[in-house]
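Coordinate-derived values only; no laboratory data. Quick caveat, the model's predicted, so the values are computed rather than measured. All Cβ positions, even for glycine, are placed from backbone atoms using ideal geometry, and neighbour counts span all protein chains on display.
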Amino acid sequence: MSDNRISVLIVDDSALMRNIISRLIEKDNSLRVAGTAMNGRFGLNKIPRLNPDIIVLDLEMPEMNGIEFLKALRKEYDIPVVILSSIAKKGAKITMEALSLGASDFITKPGGSSTDDIDRVGSHLVSVLKAYGKDYRRKKGKIEAPLEDIDTQPGETEQIRRTKITAPAAAASRSERLWEKMTPRTEPEKPEIIAIGISTGGPNALRKVFAEINPDLATPIVVVQHMPAGFTKEFAASLDRVCPLEVKEAAEGDIIKPGRILIAPGDAHITIEKKSLASIIRLHDSDLVNGHKPSVGVLFDSVAENYGNKSLAVIMTGMGKDGAREIGKIYKEGGMTVAQDSSSCIVFGMPRVAIEHDYIRQIVPLSEMASTISSLGS
């Protein structure tokens, strides 16, 4: 009988951490620990025999560290890697280098020995491993593709087609089923702003989109990527190195201007204020919204209020539903709304909820997202 669980290889030089991570993983019946290794070299040697679906990787290790491991790994394998390291926070630059070398995501190790901290990190780790592990198994034909049915309505244009995903009513919570039915007040006009909301799977997805974006795109872009405080400045810098447009972490009072992409900082909500001479960024250190700070929903609310149908909103891969309700407000105001499709999402959460509530005008795969944004945003 075949084992359908997601197999995990743990590469960490600490025997204690290998034990803790193993116990956290084994608590979930959809995951199993395929094996462990005390450094990158041992980890590489074990891959052919263990054939893991995903790897948990420390960055600081003797003999072969995490960066060296990733450089060697990508020559032969496309196995997803999640960085779990104590230096991930203080070494944001190294963490971003790991992502540029093919790591899928990163999580900081528990800061202490408290059960609450370990359980919190463990819960997050398990969710991330399941997301990337399932995506890898699906691509390798080990499991079936997602069951969602996409039904395109007849008579719709390719440019602004409306797509629905049919799902049982029970799939949505009672509160979701009570979401407002939106009818656009008008049709989209040439956008003055592009707003992007993204979460799990986002770092590599944004790297691809911004590397391929049209260098002549003048419409300003504002992005909320769920990411811890301390990482977004280096993340923006890493995107700036591959993007033909300027990319920077947003700061209070930054001007929204053509040819610039602003990334919300990891510890503040972001809104846009229209002034007589220019629109500027406002940062807000307030409570979590939709379970996040920064929240995609906060940005989308601001875009709906300030730009109406002269806006383009994009919701991409991510767990949960942050921004899914609020993109409906942009849709209602006549703005152009785009969602990433299920097959190219690491986690089809945020886009799925927005699509199910009929707030999306166009659905595209990641491979076409840069050209779609460039075309619709021009």
Q. Taking every DSSP beta bridge that has both residues in the chain, what percent is antiparallel when rounded to the nearest 5?
A. 20
Q.
With just the Cα atoms defining each centre, how far is the range 223-263 from the range 311-378? Give it in Å.
A. 20
Q.
Taking 0.36 nm per residue of sequence separation and subtracting the Cα-Cα distance, how much length would be gained by fully extending the chain between D116 and D267, in nm to one decimal?
A. 52.2 nm
Q) What percentage of all Cα-Cα pairs in the chain are separated by more than 33 Å? A) 31
Q: Could you give the size of the charge dipole of the range 236-326 about its Cα centre, using +1 on the Cβ of each K and R and -1 on the Cβ of each D and E, expressed in debye and rounded to the nearest 20?
A: 340
Q) Using the Cβ atoms and a cut-off under 12 Å, what net charge is assigned to the surroundings of A370, where Lys and Arg are +1 and Asp and Glu are -1? A) 0
**Q.** Only Lys, Arg (+1) and Asp, Glu (-1) charged, at Cβ; the range 6-139 dipole about Cα centre in debye
**A.** 340
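Output the peptides 78-84, 309-315 sorted from most to least packed, where packing is the average of other Cβ atoms within 10 Å over each peptide's residues.
Most protected by this proxy first, the peptides run 309-315, 78-84.
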Q. Given H placed 1.01 Å from N in the peptide plane, which residues other than close sequence neighbours of V347 have an amide H under 5 Å from its amide H?
A. G318
Q: Note the full-extension length gain between N4 and I255 as 0.36 nm times their separation in residues minus their Cα-Cα distance, in nm to one decimal.
A: 85.3 nm
Q: Treating only the Cβ atoms of Lys and Arg (+1) and Asp and Glu (-1) as charged, compute the dipole magnitude of the chain about its Cα centre; round to the nearest 20 debye.
A: 480
Q) Do the sum for the chain: with -39,500 (n - 2.57) for every DSSP H run of n ≥ 4, divided by all residues, what is the mean residue ellipticity at 222 nm, to the nearest 500 deg cm²/dmol? A) -9500 deg cm²/dmol
Q. Taking +1 at the Cβ of each Lys and Arg and -1 at the Cβ of each Asp and Glu, which of L9, I363, I193 sits farthest along the dipole of the chain towards its positive end, judged by Cα position relative to the Cα centre?
A. L9
Q. What does the highest-first list of 207-219, 8-20 look like by mean Cβ count within 10 Å?
A. 8-20, 207-219
